[in-house]
Amino acid sequence: MTWKTLDDMDFAGKRALVRVDINVPVENGVVTDTSRIERIAATVDDIQAKGGKVILMAHFGRPKGQVVPEMSLEIIAPAVSDVLGLPVTFVNGDYAEAVAEMDEGDVLLLENLRFNPGEEKNDEGFAKRLASLADIYVNDAFSAAHRAHASTEAIARLLPACAGRLMAEELGALEKALGSPERPVVAVVGGAKVSTKLDLLGNLVGKVDHLVIGGGMANTFLAAQGINVGKSLCEHDLADTARDILTKAEAAGCEIILPRDIVIAREFKANAQNETVAATQCPDDAMIFDAGPETVAYINDVVDGAKTLIMNGPLGVFELEPFHAGTFAILNEIADQTKAGKLVSVGGGGDTVAAINASGHGDDFTYISTAGGAFLEWMEGKELPGVAALG
Ligand code: AMP
């Protein structure tokens with residue numbers, strides 16, 4: 001699919017209503033991590049450089065259609081101003097009047113969209129009120145694009161609409177990884193449970209050449225093949241589903257890669273006494289916490305032969321040493337191949353970003369998505385309403 005970008009619009013003398021994600025962590029009224037705000041700077045700067053006026057709109061927390069003072073964007077406004085290096089005026093009164101008084105170069109920040117019940121209902125009336133404030137709509141909040149809300153969906157049908165820089169960058173990276181990727185494509189899916197990633201696995205088996213299944217969810221697949229997984233995390237009730245995925249993969253010519261050897265322990269704690277055994281040899285009283293070196297070597301060979309890689313979820317309990325070893329070993333290989341220009345690598349999801357950063361490879365992937373739910377839904381092959389509305 002295609003979408004317009006800032007380059008397709010004429011912002012000179014125009015008011016741009018820009019949907020951003022500045023849902024940042026706040027402790028005692030102070031923003032503790034400004035990374036999300038930093039990422040909107042490119043779009044704000046660009047619109048201003050083109051002579052446009054910027055009106056920012058965003059959500060903060062989950063006020064559920066009510067005014068909750070602790071979730072006012074007034075709290076975030078000073079940090080937005082600091083990070084952008086521009087005066088940012090917060091408005092919660094008469095928006096139309098504040099917009100009418102804007103000079104070129106001014107930035108307005110509207111009150112939390114979710115204070116209005118119309119936002120999450122994708123209400124046409126609320127969208128019209130927002131649209132009346134501006135000439136152009138810009139969506140720079142990929143992380144909110146999986147929701148059909150007034151500020152992400154309805155409004156895009158009321159004004160000339162385009163993707164901001166961050167949104168365009170994210171969509172470009174994702175398109176390169178799964179839309180029209182260079183083959184072979186390998187997907188690494190790990191994490192705790194199969195149940196949260198069923199749609200994801202179902203979509204991937206039809207699209208990728210190799211699918212590595214790791215973490216707790218690999219146990220469900222091993223058990224579904226009659227292999228004892230001892231006391232490991234395992235969704236035994238999903239055995240049929242796991243077998244269906246294996247059958248679907250075979251029909252699609254997708255190689256499923258499961259652990260061949262496993263690192264086991266008897267206590268869920270850092271530095272628990274552990275050993276490596278064949279995947280078929282998990283004792284009744286043990287738990288599987290990581291993939292073993294033979295599995296890692298095989299995965300790394302597949303990574304070396306791949307042109308595109310997409311990753312969601314760790315291979316093991318990477319938060320507890322030494323059970324991070326499998327995840328970190330493949331992250332090292334992915335980083336090396338990416339830096340050598342041989343691999344396009346995209347990773348996303350909360351725990352995946354944490355694992356990548358903990359391994360020291362935060363800058364070594366082609367693209368790391370911090371969009372959480374939207375990234376997952378995109379990997380599941382679902383149409384994102386906020387993206388579709390820009391098409
Ligand atoms: P997710 O949020 O679904 O990506 O799951 C990530 C979590 O899965 C991390 O907190 C890991 O510690 C956990 N995990 C990975 N492998 C295992 C395993 N073999 N047993 C239990 N938990 C695991």
### Message
Using the Karplus curve 6.51 cos²θ - 1.76 cosθ + 1.60 with θ = phi - 60°, what ³J(HN,Hα) values do you get for each residue of the range 161-176, in whole Hz, with x for Gly and Pro?
### Response
10, 8, 8, x, 4, 5, 4, 5, 5, 5, 4, x, 5, 5, 4, 5
### Query
What does the accessible area per residue of the chain come to in Å², with a 1.4 Å probe and no ligands, DNA or RNA counted?
41 Å²
#### Entry: Among His149, His59, His361: highest mean-square fluctuation, GNM of the chain, C-alpha pairs under 10 Å
His361
### Task
Calculate the dipole size of the chain relative to its Cα centre from +1 charges on Lys and Arg beta carbons and -1 charges on Asp and Glu beta carbons; express the result in debye to the nearest 20.
640 debye
#### Entry: the chain, Cα convex hull volume normalised per residue, Å³
147 Å³
### Task
Would you tell me the accessible area of Thr276, worked out with a 1.4 angstrom probe on the heavy atoms of the protein chains, in Å² to the nearest 10?
70 Å²
#### Entry: Alpha carbon centroid spacing (whole Å) that separates the range 11-52 from the range 347-364
24 Å
### Query
When the accessible area of the range 6-167 is computed with all protein chains present and a 1.4 Å probe, what percentage of it is carbon and sulfur?
46 percent
### Query
Where both residues lie in the chain, what percent of DSSP beta bridges are antiparallel, nearest 5?
20 percent
## Note on the structure
The set of residues whose placed amide H lies less than 5 Å from the amide H of Ser345, leaving out same-chain residues fewer than 5 positions away, is Leu309, Thr366, Tyr367
### Message
Less than 9 Å Cβ to Cβ from Gly61, Lys/Arg counted +1 and Asp/Glu -1: what total charge do the surrounding residues give?
### Response
+1
### Query
For the range 6-167, how big is the tail of P(r) above 19 Å, as a whole percent of Cα pairs?
49 percent
### Query
Of all the accessible heavy-atom surface of the range 181-379, with the other protein chains kept in place and a 1.4 Å probe, what percent is carbon and sulfur?
48 percent
#### Entry: Exposure ranking of Val30, Val44 by accessible area [1.4 Å probe, largest first]
Val30, Val44
### Query
For the range 133-188, which GluC sites (Glu not before Pro) are in a loop by DSSP, counting at most 15 other Cβ atoms within 10 Å?
Glu182
### Task
Can you send over the solvent-accessible area of Asp199, 1.4 Å probe, protein chains only, in Å² to the nearest 10?
80 Å²
#### Entry: Solvent-accessible surface (1.4 angstrom probe) belonging to Glu333, in square angstrom, nearest 10
40 Å²
### Message
Can you tell me the orientation of helix 239-252 relative to the chain, as the angle in degrees between its alpha-carbon axis and the longest Cα principal axis, to the nearest 10?
### Response
80 degrees
### Query
What angle do you read, to the nearest 10 degrees and between 0 and 90, between the alpha-carbon axis of helix 215-224 and the longest principal axis of the chain?
50 degrees
### Task
Go through the range 203-279 and name the GluC sites (Glu not before Pro) that are in a DSSP coil and have 13 or fewer other Cβ atoms within 10 Å of their Cβ.
Glu267
### Task
Just reorder Lys53, Lys176, Lys121 by solvent-accessible area, largest first, 1.4 Å probe, all chains present.
Lys121, Lys176, Lys53
#### Entry: Lys pairs under 21 Å by Cα in the range 181-379, provided they are eight or more residues apart or on distinct chains
11
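The values are calculated or read from the model by the stated rules, or taken from the named source; none is laboratory data. This one's a predicted model, so the numbers in the text were calculated from it and none came from an experiment. Cβ atoms come from the backbone with ideal geometry, glycine included; neighbour counts cover every protein chain shown. These area figures cover heavy atoms from the full protein model, side chains too; ligands, DNA and RNA do not enter into them. Shrake-Rupley method; radii C 1.70, N 1.55, O 1.52, S 1.80 Å.
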